[in-house]
Each structure stands twice: as C-alpha cells, then as structure tokens.
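The values are calculated or read from the model by the stated rules, or taken from the named source; none is laboratory data. Note that the coordinates shown come from a computational prediction; the quantities given were computed from them, not determined experimentally. Positions of Cβ are backbone-derived with ideal geometry, glycine not excepted, and every protein chain shown enters the neighbour counts. The accessibility values were calculated without ligands, DNA or RNA, using every heavy atom of the protein model including side chains. Shrake-Rupley method; radii C 1.70, N 1.55, O 1.52, S 1.80 Å.
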Amino acid sequence: MTSQRDVFEVSGPIHLTSVNWNCLHYQRSVAASLVQGAYVLERDRQQNRQGSEARAPPWWESFHFEVIRKLIDDSDFSIFGAIYEYRPPVGFQNSTVNKAPRFVIVFRGTITKKESVSRDVKLDLHLLRNGLHQTSRFEIAMQAVRALVSAFGHQNVWIAGHSLGAAMVTLAGKIMAKESMNLKAFLFNPPFVSAPIERIKDKKVKQGIRIASSFITAGLTLAVKGPGHKSDSFTKLSSWVPYLFVNQADDVCSSYVGYFDHRKKMEEIGAGNIGKLATQNSVKDLFLSAFGVESESLHLLPSANLTVNSSPAPDFKHAHGIHQWWRPDIDLQSKVYLYD
C-alpha cells in the first residue's frame, strides 16, 4: 500500500510552479525533494512498484531533473542515493536557469523496513563510533562524488542528504574541502553526536554547562596535543560553508544551534580562544587520540549557513522528517557562521 507521503501530488512542494535558482528557499525545497526521491526509489524497489505504479519520478521530474545513476549498497542491494542531472526542456524559459546545478548527488537516511533496516542501523552505529568513513556504502558514495567532480568540476556539483545521508554529505564535503574543492552542500537534520544539552530549558544552566564543557575540552586538548597544537584540518575546512537545516525540537540535530552560538558567547566573555579550541575538538576524539586512534567527529564544523525551523512539531517524526523543508509556512531563522 502506497504511503501518501511518497506521493508527490499529495505531499510534495506542488506550490513551486517555477524555481528561482537565486533564492535559497527554492534551492532548499528542490534539494529536499531530490533527497525524498532517493527515499521513494528504495521504497518503490521494496514494494516492486514499477512503470506507472512507481512513485519516485515526480520528485525529480517536476524540477526537470533526471536520474543518471542509482547508488546501490553492496551489502543489501538497497538504493541509498542517486545522481541527478538537470535537463530542462529545449526552449525552457527561466531567467535564473544559469544558477541551477548541473548535477546533484543525494543520500537518503534510515528506512525502518525489514528489507533495509538492518544495514541502515549498522551504519547508524558506525556513525556513533565515528566510523562511517570505513563503511563500503560511504566508499561507494565517495567514489561517485570524486568521479563526478573530476569529470565536470566541483562548481557543477551539489550534494544533499537527510539524517544518516546528511552525515555522509558532511563527511564527503569535508574530504573534498580539505582538497580545496568546496561543494555546495545541503544537510537536512544532520546528526550531532553528543549529549542532548539543547533539551535543557533553563538557559543559564545550559550556558553554564557549555562554558564548563569548553574549558574541559580545551584543557584536555592542551594536555593531549600540547600547547603548540594547531588544527590545520580545521583551518582548511573554514572556507567550506555548508547549508545546515535543523529543527529545534529534533534531538538528533538541534545541538548545532548551541554549538555555533556558544562560540560567539565565549568571545563575548573574553574566552574566544578557549571557545575556538573547544570547537575544534571533542572529548571522545581526545581520549581516542591518547590511545593512538585517529578520530574526527563529524559535527566539528568551522563554518556553516545554519537555518533553524522553530515551527511547533507534534512529534519526533515531524521534527526529524524531510517533508518539513519544502513547506511554505514554516518559521525559519538563518544565520551564517564563519570561522576566523
């Protein structure tokens, strides 16, 4: 039975009759729809929906994209992503068409169906252990990114993902940025693996915990790596400014709000250097480093264009879902954080 959430005409951004590629709202809506297309591709496969019964095509055809490759996991043969090419019809009239991406690579998140849940949950566990880069799914994804960038240039490639897929986009984007190729990236509900401090209602208590945590992290960094330590990796990443889309009611990603805002607060109280040092490291990574194990938490980002959805969410499913990101009536606040 087809879920109404898979049907573009019911749940998709049908209000977007034309796309202004200069506007982030339109870019966000289309990128989220393309990610949803990857979800529905896999559900079409699982339910053997083919031909006229397939529900996935409208999620990209509505915006003049075509799937040129499905990304297949080598373990369970599930579709975990797709590569789209923008192919507007001949004579198509749109004054902003030159701003459209030539290619978009997308990765879906976890699907809790028996045909894919086992593999997806294993990858979620790898993510929690900072081991996503060691999985074959990510290797397939990274090969696809490198091949497309090598053939057409990083300026012509966008990457987008939701939840687990957003983590893969973060990792791929970091790798490319360290090679001086900044890809335009859309991260929907990207996982922030840490204690859910954002759930604390008392702002003073929350701020106190963050300040104490920063001093502890900075102190451990100096103890483990020495006072002369400089994060060259973090510096290389500073020019990459991915688009992060988080919901303040979603514990999976809401900590990004405090992560970036806290750095500014540390500067305001005269502890900017401590804040920056803490931003570059995590206690977990430092302990692993002390035992000779190299680790880098995905959520450690120097810069970002952060958009927060403050609209009320009835439950976790809505707060974490991909569908919220193309709705025209959501309460969004955006802010750019650039690392100096």
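For the range 169-205, which positions are under 25 Å from the mean Cα position of the chain (by Cα), under 15 Å from Ser255 (Cα atoms) and either surrounded by fewer than 16 Cβ atoms within 10 Å (Cβ to Cβ) or modelled with pLDDT under 70 (or both)?
Within the range 169-205, Ala195, Pro196, Ile197, Glu198, Arg199, Ile200 meet the criteria.
Restrict the check to the range 275-287 and report whether at least one residue is at pLDDT 65 or above, in contact with a helix residue (DSSP H, G or I) (Cβ under 8 Å, 6 or more places away or on another chain) and more than 23 Å from Trp240 (Cβ to Cβ).
No, the conditions are met nowhere in the range 275-287.
Consider only pairs whose beta carbons are under 7 Å apart and that are at least six residues apart or on different chains; among these, list those whose first residue lies in the range 72-90 and is modelled with pLDDT of 95 or more and whose second residue is part of a loop (DSSP other than H, G, I, E, B) and charged (D, E, K, R).
So the pair list comes out as Ser78/Glu115; Phe80/Asp73; Phe80/Arg108; Gly81/Arg108; Glu85/Arg102; Tyr86/Arg102.
Which of (1) surrounded by 19 or more Cβ atoms within 10 Å (Cβ to Cβ); (2) of a type in the set (Asp, Glu); (3) part of a strand (DSSP E or B) is the odd one out, the single condition Glu66 does not satisfy?
Single failed check for Glu66: (1).
Which ones in the range 302-326 are over 15 Å from the mean Cα position of the chain (by Cα) and open to solvent by 20 Å² or more (accessible area, probe 1.4 Å)?
Ser310, Ser311, Pro312, Ala313, Pro314, Asp315, Phe316, Lys317, His318
Hey, does the range 97-109 have a residue that's charged (D, E, K, R) and either open to solvent by 40 Å² or more (accessible area, probe 1.4 Å) or free of Cβ contacts under 8 Å to residues at least 24 places away in the same chain (or both)?
Yes, the range 97-109 contains a residue that is charged (D, E, K, R) and either open to solvent by 40 Å² or more (accessible area, probe 1.4 Å) or free of Cβ contacts under 8 Å to residues at least 24 places away in the same chain (or both).
Exactly one condition in (1) part of a helix (DSSP H, G or I); (2) open to solvent by 50 Å² or more (accessible area, probe 1.4 Å); (3) at pLDDT 70 or above; (4) not aliphatic (A, V, I, L, M) is false for Ser239; which is it?
Of everything listed in (1) part of a helix (DSSP H, G or I); (2) open to solvent by 50 Å² or more (accessible area, probe 1.4 Å); (3) at pLDDT 70 or above; (4) not aliphatic (A, V, I, L, M), Ser239 misses just condition (1).
Of all residues being among the aliphatic types (A, V, I, L, M) and within 13 Å of Leu298 (Cβ to Cβ) in the range 124-141, which is most open to solvent (accessible area, probe 1.4 Å)? Just the residue, please.
So the residue we want is Leu128.
Which condition breaks for Gln46 when tested against (1) closer than 20 Å to Trp158 by Cβ; (2) at pLDDT 95 or above?
(1)
Restricting attention to the range 18-43, and to residues there that are open to solvent by less than 60 Å² (accessible area, probe 1.4 Å) and small (Gly, Ala, Ser), which single residue is nearest to Asn156 (Cα to Cα)?
Ala31
Return the residues of the range 76-96 that are surrounded by 15 or more Cβ atoms within 10 Å (Cβ to Cβ) and either within 24 Å of Glu115 (Cα to Cα) or among the aliphatic types (A, V, I, L, M) (or both); say none if nothing qualifies.
Selection gives Asp76, Ser78, Ile79, Phe80, Gly81, Ala82, Ile83.
Within the range 10-60, count every residue that is more than 13 Å from His323 (Cα to Cα) and either part of a loop (DSSP other than H, G, I, E, B) or of a type in the set (Asp, Glu) (or both).
20
Out of the residues in the range 110-123 that are assigned to a loop (DSSP other than H, G, I, E, B) and free of Cβ contacts under 8 Å to residues at least 60 places away in the same chain, state the one that is surrounded by the most Cβ atoms within 10 Å (Cβ to Cβ).
Residue satisfying both the conditions and the ranking: Thr110.
In this structure, is Gln155 open to solvent by 10 Å² or more (accessible area, probe 1.4 Å), assigned to a helix (DSSP H, G or I), farther than 15 Å from Ile83 by Cα and free of Cβ contacts under 8 Å to residues at least 40 places away in the same chain?
Spelling it out, Gln155 is indeed open to solvent by 10 Å² or more (accessible area, probe 1.4 Å), assigned to a helix (DSSP H, G or I), farther than 15 Å from Ile83 by Cα and free of Cβ contacts under 8 Å to residues at least 40 places away in the same chain.
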